[in-house]
Amino acid sequence: MGGCCCCPGNREREHPALGSPLKKRSCTDIPCFIVFFLYWGGMIGILVFSLVFGRVSRLLNGFDDYGNTCGVINNHPEFNGEPYTNQDMTGRPYQFFMNIYNLAETYMICVKECPTRELKDMSEVYQYYNETGTRLCNYNIDPKDYKSQKECDLSFTNCFGPCPAFPVWQQGSLFSRCLPQDIIDNPLNAVGLFTNSTVLSTFTQFFSQYRFFNELAASFYTVRYDILYLMLIALGLALILVFMLRFVIKIVVWFIVIVTALVAIGGTAALWVTYYRLQVGLDPQLQHTVPLIRIMVDARTAFLVYSIVATVFTVILLLVILVMRKRLQLAVALFQEAGRVLEHSPLILIQPVWTYLFQLIILVGGIIMLILCAGITDPVAVEDMLRVDANGTHHIYQFIDRPFVPYFWWYIVIGVVWMVEFANAIQQLVVAGTVAEWYFTRDKKSLSCILCKATSRTVLYHLGSAAFGSFLITLVRIPRYILMKVNQKIKDGSNECAKFMLKCCICCLYCLEKCLRYINRNAYIVIAISSTNFCVARVKAFHTLLSNVLRVLAINTVGDFVLFLGKVLVMATNVIIAFFMFDVCILFYSLPIPLKFLFLA
C-alpha cells in the first residue's frame, strides 16, 4: 500500500506506466486519512464541550450586568448571593440597553418587552409601564418613583442607569436584543442613528466624509433587479457557449475570437459616444428623474476614464489575438475532447455547485462553532464598577473567556480552512477520475454514470490523498492570512522597512500557494489514473510537467485564452445590453456598471 505523508520507499509497484482506472485499486495515504479523521473527531469534541459547558443561553437570550440570563431561571453559585443575581427572568426575555447610542459603555437589564413606541422622558416611561408592565429602569427602582428619577447623562461615560437615555427609540427584538426598529428594518440606518457612538465613530465619520459610498449603495439598490436579470443573461450565455463547444467547436472558437473583438470595439465606441453626449451637454432636468440618488462625481470625467481604459484594453486584446491566431487549432482539438466528455457526463458541469454548497455548509458550521465557543466563559466581578443602592454595594459582572478558549478558536479555524480545501481536492479527484475513465474506455457506448463511479472511487480509496494535499494548502494559507492581518494592523506605522518585508512575505506565500495548487491538481490526475500515493503522484506530475514544459505552456496558454475570451464575450455582451436597459438613466448608474460586470466576469 505504500507510505503516507512522505514519499514511500517501495517504488516497484509505482514504476509501471499509467494504466486504466478500471484496474484493481488500493487505498492511498491511509495514515493521512486517519489524522484527518482524528482531527475532525477533535472538532466534534469541541462542539460537544461547548454545548455542555458553554453558556449558550447567554448568546441566544441575552443577559444583564448582574450575570443573569434573560428569559430563564438563573442559578449560579459563583455569584455568592450578590444582590440582583440568580433572578428568575422567565418573564423578562429581552436584553435592553440603557444607552442605545453607546453600546460599548452601556448598562444592560432584562425587560418584559422592547419599547414599541418612542419615549421622550420619564413620565412617558412611567405611562408605558402602566400600559404594558415593562420596567425600563434598574431592578431596584420602584415604578412609582420613575418620574422622580434623573435622566441618563449622555456624556457616554456616566450613562450607567438607573434609567435609559432619551429619547428611547421604538425598538424591536433581534436575537432577543432590543434594537431600534429602523435598524431591524434597514441595517443601513445604523449609520445615521449611531452618529455619536464611540464604537461606530470611526465608521460613521468615514461615511459622513465620503458620501460616495452612500451614493454607491443607493445606486446598487436602485438597479438590484437589473443586476439580477443581467446575471441570469450571463448564465444563459455561458451555458450556450459550453454546449456549442461540443458540436461546432471550430466555428465556436473563431466565433468567440471574432465576436469578442467586435464587442470590445463596440463597447469602447459606446463609451466614447456616451462621453460625447455628456460633453456636448445633457438636459439638467434629467437628474431629477431619479429621486433616490444624486451622483457626486462628474459623470463626464467618469466616462472619459472608462473610455480610455476600454480603449487600452481593446488594443491589447486585439494584439494578443493577432499573435496567438496560429495556436488556436490546438485549442480546438482540446475543446473537442472536452466536449466528448461532457456528452457522456453532462452532470460534471454542476460538480462545482455541490462543492460550493458543501463549502458554504462548512463555513456556516465553523461560524456556529466559534459562536458556541464564545459561550465558554466564567463570571468575573469588575472591581472598578460598583453600584450603591438601598441593598448595599454590589458588583457589575462580566463574563471572561476561559484560558483555553483561544486554542479552541484556532483549532476550529484551521479545521474549517482544511475542510474547505479538502472539498476542492475531492472535486478535482472526481473530475479527473471521470475524464480518466472516459479516456481509457475504448467502447464509449458501454459507459454509464461515470461521474458516480469516479465519486465512489474517490470516497472509497483516495480520501487520504485529498486530506494530505489539502493540508499542504492549509499550511500556507493560515500563515498568509495571519500576515495579512498583521499588515492591516501596521499599515499606519512608520517602519517602512518592516511593512515592505511583510508584504514580500505575503507575496511569497501567495506564489507558493499557487504553485502548490497547480502541482496538486496534476497530482490528483495521476492518483485518479494509477491509484498512487500523494507523494509519488506529485513527483510523477512534476516530472511530466517539467519534461513537457513548452507543450504544457502552449496548451494552458491557448486554452485559458479561449476561455478568457468567452468570459469577455459574456461580460461585454451584458455591458451593451445594460446600456439599452438603462437608456438615458445611464448617467446615474455610471458607477455601478463597471463594478457589476467585473463581478459577472
Legend entry - Residue count, segment 107-122 (criterion: part of a loop (DSSP other than H, G, I, E, B) and closer than 19 Å to GLN149 by Cβ): 6
Legend entry - Residue list for segment 85-101, restricted to those being in a loop (DSSP other than H, G, I, E, B), farther than 18 Å from GLN171 by Cα and touching a strand residue (DSSP E or B) at 6+ places or on another chain (Cβ under 7 Å): MET89, THR90
Inset, instruction - Would you be able to tell me the number of residues in segment 30-62 that are under 18 Å from ILE73 (Cα atoms) and buried (at least 16 other Cβ atoms within 10 Å of the Cβ)? - result: 8
Inset, instruction - Could you check CYS515 against (1) at pLDDT 85 or above; (2) buried (at least 17 other Cβ atoms within 10 Å of the Cβ) and say which number it fails? - result: (2)
Legend entry - Number of the condition not met by LEU59 [criteria: (1) modelled with pLDDT of 90 or more; (2) farther than 24 Å from ARG538 by Cβ; (3) of a type outside the set (Val, Ile, Thr); (4) part of a helix (DSSP H, G or I)]: (1)
Inset, instruction - List the number of the failed condition for LEU386; all other conditions in (1) over 30 Å from LEU509 (Cβ atoms); (2) open to solvent by 60 Å² or more (accessible area, probe 1.4 Å); (3) hydrophobic (A, V, I, L, M, F, W, C); (4) at pLDDT 80 or above hold. - result: (4)
Legend entry - Test result for VAL353, modelled with pLDDT of 80 or more, farther than 30 Å from LYS444 by Cα and either in contact with a Cys (Cβ under 8 Å, 6 or more places away or on another chain) or part of a helix (DSSP H, G or I) (or both): no
Inset, instruction - Check whether at least one residue in segment 518-541 is open to solvent by less than 90 Å² (accessible area, probe 1.4 Å), more than 19 Å from THR458 (Cα to Cα) and under 30 Å from the mean Cα position of the chain (by Cα), and report yes or no. - result: yes
Inset, instruction - Please determine, by comparing only the residues of segment 286-318 that are polar (S, T, N, Q) and surrounded by fewer than 16 Cβ atoms within 10 Å (Cβ to Cβ), which one is modelled with the highest pLDDT. - result: THR301
Legend entry - Residue check for PRO77: free of Cβ contacts under 8 Å to residues at least 12 places away in the same chain and open to solvent by 10 Å² or more (accessible area, probe 1.4 Å): yes
Inset, instruction - Would you point out the residue of segment 154-177, among those that are open to solvent by 70 Å² or more (accessible area, probe 1.4 Å) and at pLDDT below 75, that is farthest from the chain's Cα centre (by Cα)? - result: ASN158
Legend entry - Breaking point among (1) more than 34 Å from the chain's Cα centre (by Cα); (2) open to solvent by 40 Å² or more (accessible area, probe 1.4 Å); (3) of a type in the set (A, V, I, L, M, F, W, C), for CYS504: (1)
Legend entry - Whichever residue in segment 92-115 is at pLDDT below 90 and open to solvent by 50 Å² or more (accessible area, probe 1.4 Å) and, among such residues, is nearest to TYR66 (Cα to Cα): GLU105
Legend entry - Boolean, PHE582 is modelled with pLDDT under 75 and open to solvent by less than 50 Å² (accessible area, probe 1.4 Å): yes
Inset, instruction - Identify, by number, the condition in (1) open to solvent by less than 60 Å² (accessible area, probe 1.4 Å); (2) outside any loop (DSSP other than H, G, I, E, B); (3) acidic (Asp, Glu) that GLU131 doesn't meet. - result: (1)
Legend entry - Tally of residues being touching a helix residue (DSSP H, G or I) at 6+ places or on another chain (Cβ under 8 Å) and either outside any helix (DSSP H, G or I) or open to solvent by 40 Å² or more (accessible area, probe 1.4 Å) (or both) across segment 442-458: 4
Inset, instruction - May I ask you to say which residue of LYS491, LYS485 is open to solvent by 40 Å² or more (accessible area, probe 1.4 Å), modelled with pLDDT under 90 and part of a loop (DSSP other than H, G, I, E, B)? - result: LYS491
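The values are calculated or read from the model by the stated rules, or taken from the named source; none is laboratory data. Everything numeric here is computed off the predicted structure, so don't read it as measured data. Every residue, glycine among them, receives a Cβ derived from its backbone with ideal geometry; neighbour counts consider all protein chains shown. Surface areas here come from the heavy atoms of the whole protein model, side chains and all, with no ligands, DNA or RNA. Shrake-Rupley method; radii C 1.70, N 1.55, O 1.52, S 1.80 Å.
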